[in-house]
Amino acid sequence: MFAIHLHTLIVIIDFNIIRFDFVCAQTVYKRRSSPTMRHVPSLVVALLLCTLLAVPAFADGPIMGKGAQSGVAAKALPNKKAPKPVGPVNMSTGTVFPKGKLATSLKYIYFDKNDLYDGGTTKGGTYNGKYDRWQHTLKMGIRYGLFDDFDIRAMIPFHFKGVKRRARAGTPNETTRTDYNEGLGDIVLMGRYGLLTQRKGDPFSLSVGAGLKLPTGNSDLQNEPPFNAKCDYMGPGFQLGTGSWDPKFEVGATYMFGQSRLDAHCMLTLPTEGDHEMRKGDNFKYNVGYGYALNRLIDLEMELNGVIADKNRAGGAVVDNTGGHTLYLTPGVHFKIRKGLNVGLATPIVIYRDLNADPDTNKYSIGEDMRVVFKIGASF
């Protein structure tokens, strides 16, 4: 009973921290503080979310492994034959692969943006002439345990992007245009080190990682008349890549108990300037997820996925109606076809948004309502 109360308490604390982060993020963005200080509230949230997983872990004792290498007294282990949930669909975790383990995945992501926002308020008008934007992404993943406490992974995306735009008054007769951009995106390489590992008897799994986004995607798609009046090239959000080398940093935690699992993961991306004076805004993602194995074939999950993004730059100038804060509530289901093979489906639904806008020039951010994420995973 004590452990159940602690599990309830951690959920309440996590939601209060996220509400606190809303206020901090909005205040920091408005004050336009230094790049380093701008990420302090987000990084604090990241560490707290992951550390709080230790509360139920230390209450219950080790769940996996033979003993407590961390010094926590071992309790009776649960039935190893009980079904265990697989990892979440739309976020990462805090686990590290053992040496020699290999996994591959294929993830499909779809979203459509056709509403304009000033903060969280729906607005009319146009966003640089845009009134519809959609994207299909196929992302191939490869992950391998290089050492017992260190694994490496690669994410290889293929994008299929489209946008409809309407020219402003006074332009030539052809007032609407649809553009497409398809091909290989920017590949991401990451390494992850396990500070704690639950399978070895630690109370929960905790890891840190770092990596790099490589400039493998094309960034040379140009605007056609009359949309090239202010910028020759389409913005970084519609390019397949940015032409920049972007460092990434992550921290994650996972706690397995009974037929359940808790996951928390945060990722900070610090883009550099790429081709044609383009630069995507700094990006911070924070996630919390819960999964439950109904049986050996089906898992259910619920995630909370947040994204805080700074404004982009295009042609060397700040694009004021880009970036902001978006929060998704993500229900999902997994089908475990056999050991080492599963498929998952999740639908991230926007429950909070605070998107940047420039009301003085009647430019607003274009936003989405939901996404569809489908994933196939296999391990060897």
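Annotation: peptides 270-276, 200-206, 288-294, ranked by per-residue average of other Cβ atoms within 10 Å with the highest first, follow the order 200-206, 288-294, 270-276. Fully extending the segment from L138 to I337, taken as 0.36 nm per residue of separation minus the present Cα-Cα distance, adds 69.5 nm.
Expressed as a whole percent, the accessible area of the stretch 205-309 that falls on carbon and sulfur atoms is 58 (1.4 Å probe). Remark: the stretch 82-379 carries 43 Å² of accessible area per residue (probe radius 1.4 Å; ligands, DNA and RNA excluded). Based on C-alpha pairs under 8 angstrom that are at least 6 apart in sequence, the stretch 82-379 has a relative contact order of 21 percent.
The values are calculated or read from the model by the stated rules, or taken from the named source; none is laboratory data. None of the values given here were measured: they were computed from a predicted structure. For neighbour counting, all protein chains shown are included, and Cβ atoms are generated from backbone atoms with ideal geometry for every residue, glycine included. We work out accessible area using only protein heavy atoms, side chains counted, and drop any ligands, DNA or RNA first. Shrake-Rupley method; radii C 1.70, N 1.55, O 1.52, S 1.80 Å.
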